[in-house]
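Asker: The structure is given below, and queries will be raised subsequently.
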Amino acid sequence: MSRIHKALQKAREKRQDQKLASGNGSPLEKIVYSVSQVMPINNEVLEKNHVVSRSTSDPRSQLFRSLRTDIVKQMRANNWRSIGITSPSYGEGKSLIASNLAAAIAMEVNHTALLIDMDLRTPTIKDLFAIKPEKGLLEYLKGEAEISELLVNPGVDRLMLLPGVGTADNSAEWISTPKMVSLFHEVTQRYKSRIVVYDLPPILPRDDVLTCVNHIDCFLMVIEEGKNSEVEIRKALQALENCNLVGTVINKSHANELAVKEPVSA
């Protein structure tokens, strides 16, 4: 992409951002993405993959919208712009929670959402949104692609994805590179209306999350009912004890509830 094209796109996005921030935008207004990749999928595919927060018929959608409202309220009060979604171990559904949260945030006219797949070992966002990108975050960290080449709009207004492709065994080392630090700053500071949602790796198996806690404003812990032991939960919470933890989500609950809970004492 030429320097002129990049400048034009930046000016175009800035105008859109200013419009959203002023409250003049409409949730029904179609946003045109002229440079970023657009890989639209229909609502049936999203709902099949359990990304239901934007659904008008799935009763679970209101659960995710309520979750969004609780979290965004806390973020606004503290001027936080980014949130990391993690879990004690694999399988609790953190990527699904992150995807639904980002899609729900994008429904608010005053916000845009950027969902970044930072689980470099097992990237999942591309599968949940049924997209097939050729490159992802790892290629950016390797210097093989620019961020503007990787951003994908899944056909949802005000929602952008930065997916992951492939795997990296030395994921913590890649996350701690200067390029990743630069990305943390760029994606949160460029647009005032943007909320960045990071789908992080699980916190206990390795140190990926600990390498980036200073660059993310707040965190949400996803716990699976009946799976995570009390010891696992306490260890995971202790790892984030010096961070802004907005709460925990109990996923796969038989109570059919999904809400931000006050974190239990570590």
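Laboratory data are not the source of any read-out in this text; all were calculated from the coordinates shown. Everything numeric in this text was worked out from a predicted model, so none of it was measured. Neighbour counts are summed over all protein chains in view; Cβ atoms, including those assigned to glycine, are modelled from backbone coordinates with ideal geometry.
Asker: Rounding to the nearest 20 debye, state how big the charge dipole of the range 3-251 is about its Cα centre with +1 on each Lys and Arg Cβ and -1 on each Asp and Glu Cβ.
Answerer: Details: 31 positive and 30 negative charges, 211 e Å.
Value, rounded to 20: 1020 debye.
Asker: Shape of the range 114-180 from its Cα gyration tensor (a ≥ b ≥ c, root eigenvalues): rounded if a/c is under 1.5, otherwise prolate when a/b > b/c, or oblate?
Answerer: Here the range 114-180 falls in the prolate category.
Asker: Could you give each residue of the range 90-106 its phi-based ³J(HN,Hα) in whole Hz, using Karplus coefficients 6.51, -1.76, 1.60 with θ = phi - 60°, and x for Gly or Pro?
Answerer: 7, x, 7, x, 4, 5, 5, 5, 4, 5, 5, 5, 4, 5, 6, 4, 5
Asker: Could you pull out the pairs from K126/K227; K142/K227; K135/K192; K73/K135; K94/K192 whose alpha carbons sit more than 30 Å apart here?
Answerer: On the way: K126/K227 26 Å; K142/K227 36 Å; K135/K192 27 Å; K73/K135 34 Å; K94/K192 26 Å.
Pairs exceeding 30 Å: K142/K227; K73/K135.
Asker: Collect residues whose amide H, placed 1.01 Å from N in the peptide plane, falls under 5 Å from the amide H of R194; neighbours closer than 5 in sequence don't count.
Answerer: Excluding prolines and chain starts, which carry no amide H, the hits are T112.
Asker: Over all distinct alpha-carbon pairs, what is the Kirkwood Rh of the range 3-251 in angstrom? Walk me through the numbers before you get to the answer.
Answerer: Values: mean 1/r = 0.0548 Å⁻¹.
It is 18.3 Å.
Asker: Pull out a ≥ b ≥ c, the square roots of the eigenvalues of the alpha-carbon gyration tensor of the range 62-120, then state rounded if a/c is under 1.5, prolate if not and a/b is larger than b/c, and oblate in the remaining case. Walk me through the numbers before you get to the answer.
Answerer: On the way: a/c = 1.71, a/b = 1.57, b/c = 1.09.
Judged from the Cα gyration tensor, the range 62-120 comes out prolate (a/c at least 1.5, a/b above b/c).
Asker: Tell me, how many Å apart are the Cα centres for the range 33-80 and for the range 184-257?
Answerer: Spelled out, the Cα-based centre of one part sits 18 Å from the other.
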